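The values are calculated or read from the model by the stated rules, or taken from the named source; none is laboratory data. Everything quoted here is computed from the prediction, not taken from an experiment. For neighbour counting, all protein chains shown are included, and Cβ atoms are generated from backbone atoms with ideal geometry for every residue, glycine included. With ligands, DNA and RNA removed, areas are computed over all heavy atoms of the protein, side chains included. Shrake-Rupley method; radii C 1.70, N 1.55, O 1.52, S 1.80 Å.
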Amino acid sequence: MMAGTNETIRVEVTQPNPGDGYLQAWIDFDQSGTFEASEQVAVDLQDISGNTNIDVTFAIPAAAADYTTIARFRWSTTQGLNGTDAAPDGEVEDYEVQITAADVVVQGVVFLDHGTGVGATAHNGLIEVDEPGLGGVTVGARDGGGAVISTALTDGAGKYAITLPPSALG
């Protein structure tokens, strides 16, 4: 599961009749060992069609980093159960899930900062009137040891975007 994305988990349920049970689910995003209300990703979901599958779609927090945590799924004829309530029937299953940090995209413009134009100042780092973007320039990112991590070529307007893996930010 990648930070900042929506994910779907298909849960297979068994019940005597469609609509007999309720699915609750949590993911311990903060790795506290408890399933808080804010971490609940399914509330009273039912299979009313009789196909035995329930799709649980949820958002992974954008700020999530690389870690392994626990997802809990509860199936019962009782509605509104929290992560630890006693229930007269059903099943509880816990699974390890891997959360992966998202790539980081660095964007910018390479331009000729020559100060040409009315009111423009040379070499001030601001794109001003008549300071064109430069196409065909290779822009790169390097790690602390000087190794190239990623490169991009600027377009005709001087724009570029470099994608960096989460490991490059450590």
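Could you please give the count of residues in the stretch 1-18 that are touching a Gly at 6+ places or on another chain (Cβ under 9 Å) and not hydroxyl-bearing (Ser, Thr, Tyr)? Lay out the reasoning, then the answer.
Residues of the stretch 1-18 that are touching a Gly at 6+ places or on another chain (Cβ under 9 Å), as a first pass: 13-15, 17-18.
Next, only the ones that are not hydroxyl-bearing (Ser, Thr, Tyr) stay: 13, 15, 17-18.
Qualifying residue count, the stretch 1-18: 4.
I need the full set of residues from the stretch 14-55 which are of a type in the set (A, V, I, L, M) and either over 30 Å from THR100 (Cα atoms) or more than 27 Å from the chain's Cα centre (by Cα) (or both), in order please. It would help to see each step written out before you state the result.
Initial filter on the stretch 14-55 (of a type in the set (A, V, I, L, M)): 23, 25, 27, 37, 41-43, 45, 48, 54.
Scanning the stretch 14-55 gives a single hit, ILE48.
Restricting to the stretch 95-143, count the residues that are in contact (Cβ under 8 Å) with a residue 40 or more places away in the chain, outside any strand (DSSP E or B) and open to solvent by 30 Å² or more (accessible area, probe 1.4 Å). If you could, list the steps in order and put the result at the bottom.
Within the stretch 95-143, the first condition is being in contact (Cβ under 8 Å) with a residue 40 or more places away in the chain, and the residues that meet it are 97-111.
Then drop every residue that is not outside any strand (DSSP E or B), which leaves 101-103, 110.
From the residues that got through so far, the ones that are open to solvent by 30 Å² or more (accessible area, probe 1.4 Å) too are 102-103, 110.
Selection size over the stretch 95-143: 3.
Let me confirm something: among THR69, THR8, THR14, which residue is of a type in the set (Ser, Thr, Tyr) and part of a loop (DSSP other than H, G, I, E, B)?
Working: THR69 fails: part of a loop (DSSP other than H, G, I, E, B); THR8 fails: part of a loop (DSSP other than H, G, I, E, B).
On inspection, the qualifying residue turns out to be THR14.
Right, GLY140: at pLDDT 90 or above and in contact with a Gly (Cβ under 9 Å, 6 or more places away or on another chain) or not? First the steps, then the outcome.
On the way: at pLDDT 90 or above: yes; in contact with a Gly (Cβ under 9 Å, 6 or more places away or on another chain): no.
Judged against the criteria, GLY140 is not a match.
Taking the stretch 72-86 as the search range and keeping residues that are in a strand (DSSP E or B) and not polar (S, T, N, Q), which one is farthest from the chain's Cα centre (by Cα)? Before you say what the answer is, go through the steps one by one.
At the first step, the residues of the stretch 72-86 found to be in a strand (DSSP E or B) are 72-76.
Adding the requirement that they be not polar (S, T, N, Q) leaves 72-75.
Working: ARG72: 19, PHE73: 21, ARG74: 24, TRP75: 27 Å.
Ranking the candidates gives TRP75 first.
For the subset of the stretch 1-25 comprising residues that are exposed (fewer than 13 other Cβ atoms within 10 Å of the Cβ) and of a type in the set (D, E, K, R), which member is modelled with the lowest pLDDT?
GLU12
Which residue is least open to solvent (accessible area, probe 1.4 Å), if the candidates are limited to the stretch 26-48 and must be of a type in the set (Val, Ile, Thr) and closer than 19 Å to MET1 by Cβ?
ILE27
Restricted to the stretch 144-170, and to residues that are assigned to a strand (DSSP E or B) and among the polar types (S, T, N, Q), which residue is surrounded by the most Cβ atoms within 10 Å (Cβ to Cβ)? Steps first, please.
Start the filter on the stretch 144-170 by keeping residues that are assigned to a strand (DSSP E or B), which leaves 148-153, 159-164.
Adding the requirement that they be among the polar types (S, T, N, Q) leaves 150-151, 163.
Working: SER150: 17, THR151: 12, THR163: 13.
Taking the candidates together, the pick is SER150.
Only one of (1) among the acidic types (Asp, Glu); (2) under 30 Å from ILE60 (Cβ atoms); (3) at pLDDT below 90 is not met by GLU96, so which one is it?
Condition not satisfied by GLU96: (3).
For the stretch 59-74, which positions are of a type in the set (A, V, I, L, M, F, W, C) and either at pLDDT below 95 or loosely packed, with under 13 Cβ neighbours inside 10 Å (or both)?
First, the residues of the stretch 59-74 that are of a type in the set (A, V, I, L, M, F, W, C): 59-60, 62-65, 70-71, 73.
Hits for the stretch 59-74 are ALA59, ILE60, ALA62, ALA63, ALA64, ALA65.
Condition first: open to solvent by less than 70 Å² (accessible area, probe 1.4 Å) and of a type in the set (A, V, I, L, M, F, W, C). Now tell me which residues in the stretch 78-94 satisfy that.
Correct list: LEU81, ALA87.
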